[in-house]
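Single-structure report; data block below.
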Amino acid sequence: MKSASFALAGLLAVASPAAADHGTGGPSEAAPFGAPVDDQHVWYHALLDQFEGRFGSNNALHWEGEAWSGTDTNRIRFKSEGGINDRGEADKGRYELLYDRPITSFFDIQGGVRTDADSRAGRTWAAFGFEGLAPLFLHVSATGYASSEGHFAGRLEGSYDLLLTQRLILQPQLEMNLYSKADSRRAIGAGLCCLDTGLRLRYEITRKFAPYIGLAYERDFGDTAAMARQAGDPTSSIRFTFGIRAWL
């Protein structure tokens, strides 16, 4: 009788961990690393990367930001960039609505539509490109555009966060735009159109909110510069910037 009792207790001791794992989603033969992760949850994120005043020979307000919503594998992303110049006119307005999908652990492909909307004549483009983290955690994006009128364009952008301390961060940033054809309605020449680069030092009061100061350098090239001179606008400028960066 005692032997039977010991045998029954041994069987229960062996069976209990397996039963507990099956009930709590722990490791099992079918799922040795635990229950599968739910990758269909809908997430959202919004980032106002630059919201700044630019002060120099001509003052301006500038913004750049984006927002996305979706799962780990399928997202809809909205991007916006533009400004208000010293004449109170909307300037260099760019709005993109893109489908976003990861192709590696560090890069996503993106495709959708872009609309240029400001005080000048507008234009709509089809957009396709990629965005992600290159080696050394350099954030890069490259996008190509095509319009129904036979115009093509390209946009390259890169930035890097250099942590001086846990809260003080220095960020160099570079953006270039290229166009296949001149567009006098938008004061854009063919070839390399313009360069927008800067160096910003921000202090993260919280991870989600950081004021910053810095310098922004803008320059027009080729026919774009010629159109700017004809309109009485500067073709290059270095301006002091003060702004905020925030996300949720």
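The values are calculated or read from the model by the stated rules, or taken from the named source; none is laboratory data. Treat the numbers as computed from the prediction; the structure is a model and nothing was measured. No Cβ is skipped: glycine too gets one built from the backbone with ideal geometry, and neighbour counts run over all protein chains shown.
Could you run through segment 142-163 and say how many residues are under 16 Å from Asp183 (Cβ atoms) and either assigned to a loop (DSSP other than H, G, I, E, B) or within 20 Å of the chain's Cα centre (by Cα) (or both)?
Step one: filter segment 142-163 for residues under 16 Å from Asp183 (Cβ atoms), giving 145-155.
Those still in the list that are either assigned to a loop (DSSP other than H, G, I, E, B) or within 20 Å of the chain's Cα centre (by Cα) (or both) too: 145, 147-151, 153-155.
Looking only at that region, the number is 9.
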State all residues of segment 215-248 that are touching a Leu at 6+ places or on another chain (Cβ under 8 Å), in contact (Cβ under 8 Å) with a residue 60 or more places away in the chain and either not in a strand (DSSP E or B) or not aromatic (Phe, Trp, Tyr) (or both); if no residue qualifies, say none. Ile238, Arg239, Thr241, Ile244, Arg245, Ala246
Residue match in segment 154-173 (condition: surrounded by 15 or more Cβ atoms within 10 Å (Cβ to Cβ), within 23 Å of Leu97 (Cα to Cα), of a type in the set (A, V, I, L, M, F, W, C) and modelled with pLDDT of 95 or more): no
Criterion violated by His45 - all others in (1) within 30 Å of Ala142 (Cβ to Cβ); (2) at pLDDT below 85 satisfied: (2)
What pairs come out if I take residues in segment 96-115 that are at pLDDT 95 or above and pair them with residues that are part of a loop (DSSP other than H, G, I, E, B) whose C-beta lies under 9 Å away, six or more apart or interchain? Tyr99/Asn74; Asp100/Asn74; Arg101/Thr73; Arg101/Asn74; Pro102/Asp72; Pro102/Thr73; Ile109/Ile103; Thr115/Gly122
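Just checking, does segment 120-139 include any residue being of a type in the set (Ser, Thr, Tyr) and more than 14 Å from the chain's Cα centre (by Cα)?
First, the residues of segment 120-139 that are of a type in the set (Ser, Thr, Tyr): 124.
Retained after the next criterion (residues that are more than 14 Å from the chain's Cα centre (by Cα)): 124.
Taking every residue of segment 120-139 in turn, at least one turns out to be of a type in the set (Ser, Thr, Tyr) and more than 14 Å from the chain's Cα centre (by Cα).
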Name every residue in segment 144-192 that is among the hydroxyl-bearing types (Ser, Thr, Tyr) and without any contact (Cβ under 8 Å) to a residue 40 or more places away in the chain, in order of residue number. Tyr145, Ser147, Ser148, Ser159, Tyr160, Thr165, Tyr179, Ser180
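Suppose the filter is of a type in the set (Asp, Glu) and crowded, with 17+ Cβ neighbours inside 10 Å; does Asp116 pass it?
Numbers: of a type in the set (Asp, Glu): yes; crowded, with 17+ Cβ neighbours inside 10 Å: yes.
Yes, satisfied.
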Restrict the check to segment 194-203 and report whether at least one residue is without any contact (Cβ under 8 Å) to a residue 60 or more places away in the chain, touching a Pro at 6+ places or on another chain (Cβ under 8 Å), aromatic (Phe, Trp, Tyr) and surrounded by fewer than 18 Cβ atoms within 10 Å (Cβ to Cβ). yes
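Would you check if there is a residue in segment 122-141 being in a loop (DSSP other than H, G, I, E, B), modelled with pLDDT under 95 and closer than 23 Å to Asp220 by Cβ?
Yes; the residues of segment 122-141 include at least one that is in a loop (DSSP other than H, G, I, E, B), modelled with pLDDT under 95 and closer than 23 Å to Asp220 by Cβ.
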